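Engineer: Got a structure for you, written out below as C-alpha cells; questions coming shortly.
The values are calculated or read from the model by the stated rules, or taken from the named source; none is laboratory data. Computed from a prediction, not measured in an experiment: that's the story for all the values here. Because the Cβ atoms are built from the backbone with ideal geometry, glycine has one as well, and the counts that use them run over all protein chains shown.
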Amino acid sequence: MSTNEEVARRLLQHRKVLFAYVYAIVRDHGIAEDVFQEVSLVILRRWEEFGVVRDFWPLVRETARRQSLAALRKAGRESLLLSPEALEAVDRGFDAVAPEAQARQDALRQCLDRLPQFWQQVVRSRYWLGQSVTEMASRLFRSENTLSVTLNRIRSRLADCVRERIRLTDTS
C-alpha cells in the first residue's frame, strides 16, 4: 500500500471523530465539511514533511484546529470563535475519546451483526431511518411500551457486547 493510500485510510478511520471535532469548533455543517476536506488535503500533501508520526490523532487534530479557526476568520465569522479556554476544553474532550472511537465503532458494528434479525430491524428503523417509537410500533404491529422495552434491552445488550469486545481487544 502506498503512503498516500495509508494516510487516506487513516483519515477515513478518523473521519467521524475528526468531523465532530471540527464541527464543535465551527458549529456550521457546511464549513465543517469544507474544513474536513481541507485538513485531508493538507495531511496528504504534507505527510512526508511531518516525518515519523507516532500518533496520528494529535497531528490531525492540530491541523483541524488551525484550519477551523482560519475558515471562521475567512468567512467573516470571528464572533463564532471559541475562547482559548473553550478550545482547550474541546481538545481535552476529543483527545480523551479519539483513540478509542474507532475501536468502539468496530466493536459496535460486530455486536450489531450478532443481534437477532428482528432486533437489527428495530435498530435500523429507530437509528438509521429515524423513526419514532410510535411509527415503529404501528409498522411492526407491537405496542409502544413493548417496543420501548425492546429498545432498552437492545441498548443494554449492545453496551455489554461493546464493553466485552473492547476488553478483549485491550488484553490481546
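Engineer: Here is a list of conditions, (1) outside any helix (DSSP H, G or I); (2) of a type outside the set (Ser, Thr, Tyr); (3) surrounded by 11 or more Cβ atoms within 10 Å (Cβ to Cβ); (4) out of contact with any helix residue (DSSP H, G or I) (no Cβ under 6 Å at 6 or more places or on another chain), and Pro58 meets all of them except one; can you say which number that is?
Structural biologist: Status for Pro58: all satisfied but (1).
Engineer: Taking region 10-25, which residues are buried (at least 18 other Cβ atoms within 10 Å of the Cβ) and aromatic (Phe, Trp, Tyr)?
Structural biologist: Matches in region 10-25: Tyr21 only.
Engineer: With at pLDDT 95 or above, surrounded by 13 or more Cβ atoms within 10 Å (Cβ to Cβ) and out of contact with any helix residue (DSSP H, G or I) (no Cβ under 6 Å at 6 or more places or on another chain) as the only criterion, which of Asp106, Asp34, Asp91, Asp28 stands out?
Structural biologist: Asp34
Engineer: Something else about it: In region 125-162, how many are in a loop (DSSP other than H, G, I, E, B) and small (Gly, Ala, Ser)?
Structural biologist: Qualifying residue count for the region: 3.
Engineer: Sticking with this structure for a sec: Taking the conditions exactly as written (out of contact with any Cys (no Cβ under 6 Å at 6 or more places or on another chain) and under 26 Å from Asp106 (Cβ atoms)), does Lys74 satisfy them or not?
Structural biologist: Answer is no for this residue.
Engineer: Could you go through region 110-132 and let me know if any residue there is without any contact (Cβ under 8 Å) to a residue 12 or more places away in the chain and crowded, with 17+ Cβ neighbours inside 10 Å.
Structural biologist: Yes, region 110-132 contains at least one residue that is without any contact (Cβ under 8 Å) to a residue 12 or more places away in the chain and crowded, with 17+ Cβ neighbours inside 10 Å.
Engineer: Anything in region 156-172 that is surrounded by fewer than 13 Cβ atoms within 10 Å (Cβ to Cβ) and not β-branched (Val, Ile, Thr)? List them, or say none.
Structural biologist: Matches in region 156-172: Ser156, Ala159, Asp160, Glu164, Arg167, Leu168, Asp170, Ser172.
Engineer: Counting just the residues of region 67-79 that are surrounded by 13 or more Cβ atoms within 10 Å (Cβ to Cβ) and not hydroxyl-bearing (Ser, Thr, Tyr), which one comes out nearest to the chain's Cα centre (by Cα)?
Structural biologist: If we take residues in region 67-79 being surrounded by 13 or more Cβ atoms within 10 Å (Cβ to Cβ) and not hydroxyl-bearing (Ser, Thr, Tyr), then Gln67 is nearest to the chain's Cα centre (by Cα).
Conditions (1) outside any helix (DSSP H, G or I); (2) closer than 27 Å to Glu6 by Cα; (3) among the aromatic types (Phe, Trp, Tyr); (4) in contact with a His (Cβ under 8 Å, 6 or more places away or on another chain), marked per residue:
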| site | (1), (2), (3), (4) |
| --- | --- |
| Val52 | yes, yes, no, no |
| Leu87 | no, no, no, no |
| Ala96 | no, yes, no, no |
| Gln105 | no, yes, no, no |
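Engineer: I'd like to verify a number: residues in region 11-47 that are closer than 24 Å to Glu100 by Cα and outside any helix (DSSP H, G or I), how many?
Structural biologist: Result for region 11-47: 2.
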